[in-house]
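Before any comments, here is the structure.
The values are calculated or read from the model by the stated rules, or taken from the named source; none is laboratory data. None of these values were measured; they are calculated from a predicted model. Don't worry about glycine lacking a Cβ; one is built from the backbone with ideal geometry, like all the others, and counts go over all protein chains shown.
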């Protein structure tokens, strides 16, 4: 009877990428900051996208020593969603300000023409 060889265990246990964790936390923070005050989630969203891409690069290059691809992807998705919504909120605020200034100028112009 032949004996089966025991399975080979890796010499190291893979660890979770800190960049992937940071990306996910910052992505969620960017979306939460958006609900609190429009425009404040822009910086965490940008950082989430940057950290998410760096984490994916490090995980691919680590040859199995790093894990956390799903956290990096979650950070990227939340970061990109936060970026788009924050940019739209900033654009809407600027347009609202411009329209308010134009309306105020036209209102004053009508008063002086009388």
Verdict on residue 107 being free of Cβ contacts under 8 Å to residues at least 40 places away in the same chain and either surrounded by 15 or more Cβ atoms within 10 Å (Cβ to Cβ) or more than 12 Å from the chain's Cα centre (by Cα) (or both): yes
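Yes or no, residue by residue, for (1) within 30 Å of residue 13 (Cα to Cα); (2) touching a helix residue (DSSP H, G or I) at 6+ places or on another chain (Cβ under 9 Å); (3) modelled with pLDDT of 85 or more:
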{"residue": "60", "(1), (2), (3)": "yes, yes, yes"}
{"residue": "79", "(1), (2), (3)": "yes, yes, yes"}
{"residue": "82", "(1), (2), (3)": "no, yes, yes"}
{"residue": "92", "(1), (2), (3)": "no, no, yes"}
{"residue": "97", "(1), (2), (3)": "no, no, yes"}
{"residue": "102", "(1), (2), (3)": "no, no, yes"}
{"residue": "111", "(1), (2), (3)": "no, no, no"}
Whichever residue in the stretch 63-92 is in contact with a strand residue (DSSP E or B) (Cβ under 9 Å, 6 or more places away or on another chain) and not in a helix (DSSP H, G or I) and, among such residues, is nearest to residue 50 (Cα to Cα): 68
Pairs with Cβ under 8 Å, 6+ apart, first in the stretch 1-21 and modelled with pLDDT under 75, second surrounded by fewer than 13 Cβ atoms within 10 Å (Cβ to Cβ): 10/64
Residues that are assigned to a helix (DSSP H, G or I), in contact (Cβ under 8 Å) with a residue 40 or more places away in the chain and under 15 Å from residue 79 (Cβ atoms), drawn from the stretch 34-62: 34, 42, 45
Among the residues listed as 68, 41, 82, the single one being buried (at least 16 other Cβ atoms within 10 Å of the Cβ) and closer than 11 Å to residue 23 by Cβ: 68
